[in-house]
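The values are calculated or read from the model by the stated rules, or taken from the named source; none is laboratory data. None of the values given here were measured: they were computed from a predicted structure. Here Cβ is always computed from backbone atoms with ideal geometry, including for glycine, and neighbour counts include all displayed protein chains. Protein only, heavy atoms only, side chains kept; ligands, DNA and RNA dropped before computing areas. Shrake-Rupley method; radii C 1.70, N 1.55, O 1.52, S 1.80 Å.
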Amino acid sequence: MKFRAAVFLAATIGADAKWPLRGKPEHLSGVPASFDCGMRKLAYDYGKKLLPRMGAFESLYYALDLNSADCHAILQGPEPSMPHFELPREAIFVSVDGQDSAPGTLSAPLRSLQQAVDLAAEKGVAVVLKGGTHYLPDTLHLGPQHSGLTISGFPGEHAEVSGGQELKVTWTPHEVSGGSNIWVANISGQVSEVESLQINGERATRARYPNMPNGIEASCGYGCMISGGKAKWTPPNFTKFGKVKYHTDKTPEHYRNTTKNWFNEYMIGVDGLCSVYDPPVSYWCSEHPSGGGAFAFRTPIGMKYDFPNGPYKHGEDARLFVWRPARWANWMFDVAHYDAETGNFSFGRGGNQGARGENTGGDFFIENVMEELDHPGEFFFDKYTGQLYLFHNGTGAPAADAKFVVPQKQVLINASGTQWNPVKDVKFQGVTFTAAAPTYMMPHGVPSAGDWALDRYAAVFLQGTEGALIDGCKFERLEGNAVMVSGYNRDATIQNSDFAFLGGNAIAAWGYTNETSTDPGRPGVTLANAPDAGVDGTDGEHPRRTTVKSCSVREVGLYEKQSSFFIQAKTAESRVLSNVFFNGPRAGINTNDGFGGGDEIAYNLVFSTCRESGDHGPFNSWDRQPFLTTVRTGEPSMIMQWREIHHNFFIDNYSPQEDVDNDDGSCYYKTHDNFFVYGGQAMKNDFGGHDNHHYDNVDAYVGQALGVCPAIQGHIDYFYGNYVVMTGENVGSCLGDHMYNNSYFTPSGSIGAGCDGFGGSVAKTPSDEEVFKKAKKKLGMLPDMEIMI
């Protein structure tokens, strides 16, 4: 059945677009409001077609601002639904009020989920969770003995697995006059720390400065920060961890000869300032890191700033959240020493949350000091007295029946085996996962030569699995990553699932190579031939054929800003299909390297990415570090298999750059049959990028057609068959006979000088209807067309 929203057109043709568009004014001034409004309505229809189970898809509707007076559509569709799972014939049942002395039947369920899965593995049956919140006293562990196990929610009931602990609270007034409404409860003995707090399933905000007017779950964009230029930063201490040990792979057969002097050799540095990572290794500590803004990793070791509500009684307990300048990632620092007289903070643990360093910090805020408890919705826990303070966002005392939960467990489910003894065919279906504890201060590693650092934690952690399936699940208000596909995994599938309000990434796939002799992700294992084996991706210790399909993801990266809807590193042959992703602080989909390749990204709707950061857009890639894999031909090769990006609807409404940002060295991309909207240019690569083919796309209201770098013969890019609506008159880079059959459109109907033989025809800017007709054909949105995955 098809549901179509009725539309009321209120935009004025020719007026500048107003929807959250952040970029160069001269580019945005060329975007008609009529196009912007019609495009958003098309995105709404496309999202509902991709995920019909979302019904009217309310969150998408409001994210596209379709309730506004100047661009209005009716919110219309059926009630949302989730996949229906039949009750297994044989199962062990778990209830929140069950008894662990019971047999685990429907009438006499167990209470312990760990006891249930162990018993089910013995009997060869499923586990069914009755409705309610199942608080985990410990991480649920699944091993090879649990192969074939299904964990399912009871049909028609809401089964929730929580890593939190519900507090028993009695509130008394603390400061309830003069505009304040602060209440206090003694929770001594219940929890030792309260880094995050959920009230009736929604986050409260830890006391901070500057305040967040709408709380932690509502992005402030570039706001709610202090400018980094107002602080005095203590320079890096380059001798703190001793000398770095450089390693560059000089094996002749490992030399990647597809570029001239760009990223030809695998290189890393071990120890030195990269000792903040675990393992202590990074491309950015290598002898000659290169690429955009490249220099060796470092961070400031302290800062001085006169906070308006300081000096603080316990400034040593504060936590500083600091953007790296240019907002590529944010660091978090605990305080090693606080000088109340001078306002100087010396940093302790932290600074490992991004791969790229800098001498100073960028925009920042402070949290976890009592003096900053001054805004509705904030909380503060005094660890010295066990008192929990809450600035209640309402009148009077917090409701007596309100539920206060402190996330405690960082990993809710850990399914771990090895490639020699894997966990096979485990399934999670119809379950909600919530309240996993924060992980942003946990050990991070630099997975490869992109800009990312990652923590190898998630609410659902998979390592050493085959055929794992997550189906029809919800991941809500998790303080870290939702799903981690770590190391050896084959054919993991995440489908029909919804992710919202996450502290980190929705889904991360991250493999291993042997760069150091030990790695915390593989405890107790001595890794052979490190660091020489760091280049070698043929040992199988990486995810292959991971599928993310028919999922919705929104509001990610609430804490760690270098977060995406899907991120992969040392991973190959992933399939990201038919998803709807929106509202994130950085790039929506990220490939951190060119490891293996063979990935497919298709039929996705992605927009409102990079809401809080600079550069990138819906998709971003790097390829600064070559790896030896067998993906391309079955034989060891330093050349990756082609990646395909096709039939997507990407909107680059916050970033000033591109819908597909093929950054430093990115190569072997076939980008075709997409509808790309906005951005500085349609196609881009730089710093040795090559073999990128951009063809048969509809690129709407871009500044110019392409900006690419020179490539050696046999590896030159292609740009052909594209329908390019430009706000300027400059095509951009010239590719000679590698650009042809393109249709360019400009306000004047002409192309400026500078690119002889631009490879196509030119005409005046087309009507909105003409652009949308072309786009709908790519997206399968014309009448009687179906989206074929």
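Of note:
- Taking a sphere under 9 Å around the Cβ of P636 and counting the other residues whose Cβ falls inside, with K and R at +1 and D and E at -1, yields a net charge of -3.
- When +1 charges are put on Lys and Arg Cβ atoms and -1 charges on Asp and Glu Cβ atoms, the dipole computed for the range 458-574 relative to its Cα centre reaches about 320 debye.
- Per residue, the convex hull spanned by the alpha carbons of the range 367-439 comes to 165 Å³.
- Links that overshoot a 31 Å alpha carbon limit, given the list K41/K670; K383/K474; K409/K670: K383/K474; K409/K670
- D (Stokes-Einstein, µm²/s), Kirkwood Cα radius, the range 16-92, 1.306 mPa s at 10 °C: 108
- Positive-pole candidate from P531, Y695, W622, dipole of the chain, charges at beta carbon: Y695
- For the chain, Cys with no neighbouring Cys Cβ under 4.7 Å: C473, C551, C610, C667, C709
- Pairwise FRET efficiency - I712 versus E635, Cβ, R0 = 25 Å, nearest 0.05: 0.60
- Placing R22, R256 in order of accessible area, with the largest value first and a 1.4 Å probe, yields R22, R256.
- Relative contact order [Cα under 8 Å, 6+ residues apart], the range 537-585, whole percent: 52
- Value of relative contact order over the range 700-754, rounded to a whole percent, pairs C-alpha under 8 Å and six or more apart: 39
- Kirkwood-type hydrodynamic radius, the chain: 27.3 Å, calculated from all non-identical alpha-carbon pairs.
- With K and R counted +1 and D and E -1, the other residues having a Cβ less than 9 Å from that of G357 yield a net charge of +2.
- Projected label points at D756 and N529, each 7 Å from Cα along the beta carbon direction, are separated by 5.2 nanometres.
- Whole-Hz ³J(HN,Hα) from phi, Karplus 6.51 cos²θ - 1.76 cosθ + 1.60, for the range 365-380, glycine and proline x: 8, 10, 9, 6, 9, 4, 5, 9, 7, 9, 9, x, x, 8, 9, 8
- Going by accessible surface with a 1.4 Å probe and the largest first, E341, E600, E555 read E341, E600, E555.
- Given charges at Cβ of Lys, Arg, Asp, Glu: the chain dipole, positive-most of G223, F380, L605: L605
- What separates the Cα centres of the range 40-92 and the range 549-607 is a distance of 20 Å.
- Computed on the chain, with alpha-carbon pairs under 8 angstrom and 6+ residues apart, the relative contact order is 10 percent.
- Between the range 378-418 and the range 272-291, the alpha-carbon center distance in angstrom: 36
- Each Lys and Arg contributes +1 and each Asp and Glu -1, all at the Cβ; summed about the Cα centre of the range 140-249, the dipole is approximately 820 debye.
- Averaged per residue, the chain has 37 square angstrom of accessible surface, using a 1.4 angstrom probe with ligands and nucleic acids left out.
- Counted by Cβ distance under 15 Å from S192, the other residues give a net charge of -2, where Lys and Arg count +1 and Asp and Glu count -1.
- Taking amide hydrogens as placed 1.01 Å from N in the peptide plane, the amide H of T547 sits under 5 Å from those of A492, T493, I494, R575, each at least 5 positions away in sequence or on another chain.
- Compactness of the range 180-333 as Cα Rg over 2.2 N^0.38 Å, two decimals: 1.44
- All Cα pairs of the range 447-580, percent lying beyond 18 Å: 52
- In this structure Y654 has an accessible area near 50 Å², from a 1.4 Å probe over the protein heavy atoms.
- Area accessible to solvent at T727, 1.4 Å probe radius, in Å²: 30
- If the segment from H141 to S188 were pulled out straight at 0.36 nm per residue, it would be longer than the present Cα-Cα gap by 14.0 nm.
- Label zone at T518, where the point sits 7 Å out along the Cα-to-Cβ direction: the range 271-295 residues whose backbone N lies under 17 Å: 271-272, 275-281
- Derived scalar couplings between HN and Hα for the range 513-525 equal 9, 8, 8, 10, 6, 9, 8, x, x, 10, x, x, 10 Hz in order, rounded to whole Hz, by the Karplus curve 6.51 cos²θ - 1.76 cosθ + 1.60 (θ = phi - 60°), x for Gly and Pro.
- Virtual paramagnetic centre 7 Å along Cα→Cβ of L119, amide N under 16 Å, in the range 148-173: 150-152
- Gained length - H288 relative to E58, 0.36 nm times residue gap less alpha-carbon distance: 77.9 nm
- Residues within the reach of a label modelled at E166 (point 7 angstrom out along Cα to beta-carbon, backbone nitrogen below 17 Å), restricted to the range 112-151, are 112-113, 130-138.
- Solution diffusion estimate, µm²/s, Stokes-Einstein, the range 50-98, Kirkwood Rh from C-alpha pairs, 4 °C, viscosity 1.567 mPa s: 92
- Rounded to the nearest 10 Å², the accessible area of Y384 at probe 1.4 Å: 120
- Here the dipole of the chain is about 380 debye; that uses its Cα centre as origin and unit charges on the Cβ of Lys and Arg (positive) and Asp and Glu (negative).
- Spacing of the two label points (7 Å from each Cα toward its C-beta) at S107 and F295, in nm: 7.5
- Note on S346 and S767: their simple-model spin labels are 7.1 nm apart, each label 7 Å out from Cα toward Cβ.
- Sorted largest first, extent of the range 80-169 alpha carbons per principal axis (Å): 42, 34, 26
- The translational diffusion coefficient of the range 135-242, from Stokes-Einstein at 25 °C and 0.890 mPa s with a Kirkwood hydrodynamic radius over alpha carbon pairs, comes to 125 µm²/s.
- Net length available on complete extension from A69 to Q387 is 109.8 nm, with 0.36 nm assigned per residue and the Cα-Cα distance removed.
- Helical contribution to [θ] at 222 nm, DSSP H n ≥ 4, -39,500 (n - 2.57), averaged over the chain, rounded to 500: -2000 deg cm²/dmol
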